[in-house]
Amino acid sequence: MTKAKTKSVVPARERILEAAKRLFYRNGIRATGIDTIIAEAGVAKMSFYNNFPSKDDLVRAFLTARHEAWMVMFSGRVEGHLGERGLTALAFALDEWFAEPDFRGCAFINTVAEFGQEFEGAMRHKLELEAYVQDIAARLGFSAPGRVAGEAMIVIEGAIVRAQMGFREGLRDQAVSLLQSIERGATG
């Protein structure tokens, strides 16, 4: 199937969102112009604005789509390690994500760095991630799962930023050590 035929069967909204997801994550939101997204998606400018009245609308859709996809990826990896590794499963799941060739840090941290808290989707992602970690802590039988989740989030966020900055050497083991300390504090 030719590229033109492929584009014609995929709705314009999906093509625009897919292009935005790639470009926003790779280059940043401010650095990615609407014209670049339109060209990458292969749509007319009117088609873009019929689907997303403003760039802010597209950013919100990007954050929602990124959240859903990232949580499926991350929770799947965590759950795969959880039975064997306990809370340190978080470090192993992160390490797998960091090894992906297109890893560019956290789209939500990057969005807050660019815009502050202007886009509630970035903040909502972090709250939902923390709720997921709290659920893990409760399932593992730790006392004060909310405290465990808050402490684990500091490890998660710190590891993400360190990985984004290129400090990957030994990072997983450092995160494991910190998560083990949190575990020890939660079982006493």
Residue ID - nearest to the chain's Cα centre (by Cα), chosen from residues in region 50-71 that are surrounded by fewer than 20 Cβ atoms within 10 Å (Cβ to Cβ) and in a loop (DSSP other than H, G, I, E, B)
Ser54
Residues of region 146-162 being in contact (Cβ under 8 Å) with a residue 24 or more places away in the chain and under 17 Å from Thr88 (Cα atoms), in sequence order, are Arg147, Val148, Glu151, Ala152, Met153, Val155, Ile156, Glu157, Ala159, Ile160
Of all residues being of a type in the set (S, T, N, Q) and in contact with a helix residue (DSSP H, G or I) (Cβ under 8 Å, 6 or more places away or on another chain) in region 17-49, which is surrounded by the fewest Cβ atoms within 10 Å (Cβ to Cβ)? Just the residue, please.
Thr36
What number of residues in region 99-123 are within 14 Å of the chain's Cα centre (by Cα) and in contact (Cβ under 8 Å) with a residue 60 or more places away in the chain?
7
Region 115-134, residues that are surrounded by 15 or more Cβ atoms within 10 Å (Cβ to Cβ), modelled with pLDDT under 95 and in a helix (DSSP H, G or I)
Gly121, Ala122, Met123
So Ser75 passes all but one of these: (1) of a type in the set (Ser, Thr, Tyr); (2) surrounded by 14 or more Cβ atoms within 10 Å (Cβ to Cβ); (3) modelled with pLDDT under 95. Which condition number does it fail?
(3)
Boolean, Glu157 is within 21 Å of the chain's Cα centre (by Cα) and of a type outside the set (Gly, Ala, Ser)
yes
Condition (residue is modelled with pLDDT of 95 or more, part of a loop (DSSP other than H, G, I, E, B) and basic (Lys, Arg)) applied to region 25-38: is it met by at least one residue?
yes
Do any residues in region 170-188 that are closer than 9 Å to Ala91 by Cα have Cβ atoms under 8 Å from those of residues that are of a type in the set (Asp, Glu) and modelled with pLDDT of 95 or more, where the two are at least six apart or on different chains, and which pairs are they?
Leu171/Asp95; Arg172/Asp95; Ala175/Asp95
May I ask you to verify whether Glu100 is within 19 Å of Glu130 (Cα to Cα) and at pLDDT 95 or above?
no
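The values are calculated or read from the model by the stated rules, or taken from the named source; none is laboratory data. Keep in mind the model is a prediction, meaning the values are calculated, not measured. Every residue, glycine as well, gets a Cβ built from its backbone with ideal geometry; the counts of neighbours run over all protein chains shown.
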